[in-house]
C-alpha cells in the first residue's frame, strides 16, 4: 500500500498512466502494430492504471 493522500495519489497515478500509455501507443504505431488514436490511448491508459492499482495502490 502506498502512503499518502488518496486525493493526490490516484490522480497522479492516472496522469502518469496516461503519459506512459500515450508513449507506448505512439511507439507501437510507429511499428504499425496499432493506430494512434484517442480510443487506443484511453484503453491503454485504463489497462496501465488497473495494473498499477493492482500492483501498488491497493
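The numbers here are math on the coordinates, done by the rules we state, and not lab data. On a predicted model such as this, the values are computed, not experimentally measured, just so you know. Here the Cβ is made from the backbone with ideal geometry for all residues, glycine too, and neighbour counts use every protein chain on show.
Once both axes come from the Cα atoms, what is the angle between helix 6-30 and the longest principal axis of the chain, in degrees from 0 to 90, rounded to 10?
That works out to roughly 20 degrees.
If each of residue 26 and residue 56 carries a label point 7 Å out from its Cα toward its Cβ, how far apart are those two points in nm?
For the pair residue 26/residue 56, the computed spacing is 2.0 nm.
Could you calculate the contour length gain from residue 37 to residue 8, that is, 0.36 nm times the residue separation minus the distance between their Cα atoms, to one decimal place in nm?
My answer for the length gained is 7.7 nm.
State, as an integer percentage, the relative contact order of the chain based on alpha-carbon contacts under 8 Å between residues 6 or more apart.
Answer for the chain is 45 percent.
At 222 nm, what value in deg cm²/dmol follows for the chain if DSSP H runs of at least 4 each add -39500 (n - 2.57) and the sum is divided by all its residues, to the nearest 500?
My calculation for the chain gives -23500 deg cm²/dmol from helical runs alone.
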